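All remarks here apply to the structure that follows.
The values are calculated or read from the model by the stated rules, or taken from the named source; none is laboratory data. None of the values given here were measured: they were computed from a predicted structure. Counting neighbours? That spans all protein chains shown, and the Cβs are built from the backbone with ideal geometry, glycine included.
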Amino acid sequence: MELTTAASLTTTGLTRRFGNFTAVDDVNMTVGEGEIRAVIGPNGAGKTTLFNLLTGHLRPTAGEVRLGNQVISGRRAHEVAQHGITRAFQTTNIFPSMTVHENVVTALLGVSHASLRFWTPASDHLEKAADEVLDLVGIYDQRSRQAGILAHGDQRALELAIALAPSPKILLLDEPTAGMSPYETQRSVELLRKIWRELKLTIILSEHDMEVVFGLAQQVTVLVSGRVLADGEPSAVRSNREVISAYLGGVEE
Ligand SMILES: Nc1ncnc2c1ncn2[C@@H]1O[C@H](COP(=O)(O)OP(=O)(O)OP(=O)(O)O)[C@@H](O)[C@H]1O
């Protein structure tokens with residue numbers, strides 16, 4: 001498997017208004033290459049809107065998003081994806097009537113060979129590349145099954161495979177463990193850590209489960225009312241008094 005460097009992501013003055021309401025308010029954030037960053041905040045803090053701005057699903061009212069040195073804000077979602085930012089979970093891309101394998105091959109089609117950094121790079125080998133992705137996320141044995149009848153956990157793994165297929169530089173995960181049992185959550189955290197280690201990509205996740213956040217992320221950004229209340233290493237964020245009173249409540253140890 002050929003590996004690539006990850007990429008850094010920077011937002012400068014990133015702002016999104018809906019009418020008079022400001023959902024994302026002057027967010028300045030730098031996510032380093034190969035970092036795992038968690039974005040946390042209470043309901044309505046602006047996490048989903050921020051992710052939509054990062055993926056090109058929304059245009060900013062003001063400010064910009066840069067991937068490395070390249071400005072990507074203002075581009076359409078499919079262009080942003082081609083530049084190397086993909087997303088799993090909130091926007092499900094599964095075709096339920098196709099097989100698991102066909103779903104991943106479809107995600108690989110349209111990606112130039114040069115972009116298949118993680119997987120075997122040749123069109124004749126798209127099938128093989130799809131198998132590599134499925135093996136990585138642990139559902140290779142499900143490859144011939146119809147995607148729509150997969151168990152919930154396997155369907156989430158397939159969503160992850162589809163997001164990983166284009167060999168992204170940055171992977172965005174919307175609440176990767178939402179709705180999972182403690183056991184499934186633990187397995188997901190291990191899987192994400194393995195993917196991050198093997199592919200050396202940058203991961204940005206939004207998550208409500210603080211065990212997941214503090215177990216996985218190297219840096220945490222806390223959003224409240226669209227603004228960055230704090231960011232830094234998990235231990236610093238965890239003991240930040242403003243964060244505790246605004247959001248974390250009883251999590252202080
Ligand atoms: N298209 C829209 N039009 C108007 N208001 C919107 C729109 N999208 C989001 N908002 C508002 O922006 C605010 C931030 O919403 P957002 O979904 O980004 O928060 P969130 O942090 O993802 O919340 P949650 O954790 O509940 O998913 C909310 O008050 C929401 O009602």
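Please list, ordered by first then second residue, the pairs with beta carbon atoms under 7 Å, 6 or more apart or interchain, first in region 16-33 and free of Cβ contacts under 8 Å to residues at least 12 places away in the same chain, second within 15 Å of the ligand (Cβ to nearest atom). Filtered contacts from region 16-33: no entries.
Scanning region 61-96 for residues that are in a strand (DSSP E or B), within 27 Å of L134 (Cα to Cα) and of a type outside the set (A, V, I, L, M) yields T86, R87. For R76, the conditions (1) away from the ligand (no atom under 16 Å from the Cβ); (2) within 30 Å of R238 (Cα to Cα); (3) charged (D, E, K, R) are fulfilled apart from (2). Of all residues in region 109-164, those being at pLDDT 85 or above, under 25 Å from E79 (Cα atoms) and under 18 Å from the mean Cα position of the chain (by Cα) number 11. Take region 122-147 and flag every residue that is in a loop (DSSP other than H, G, I, E, B), in contact (Cβ under 8 Å) with a residue 24 or more places away in the chain and of a type in the set (A, V, I, L, M, F, W, C). Of everything in region 122-147, just one residue is in a loop (DSSP other than H, G, I, E, B), in contact (Cβ under 8 Å) with a residue 24 or more places away in the chain and of a type in the set (A, V, I, L, M, F, W, C), namely I139.
Go through region 195-230 and give me each residue that's among the charged types (D, E, K, R) and either surrounded by 20 or more Cβ atoms within 10 Å (Cβ to Cβ) or without any contact (Cβ under 8 Å) to a residue 40 or more places away in the chain (or both). Once the filter is applied, which keeps residues that are among the charged types (D, E, K, R) and either surrounded by 20 or more Cβ atoms within 10 Å (Cβ to Cβ) or without any contact (Cβ under 8 Å) to a residue 40 or more places away in the chain (or both), region 195-230 yields R197, E207, D209, E211.
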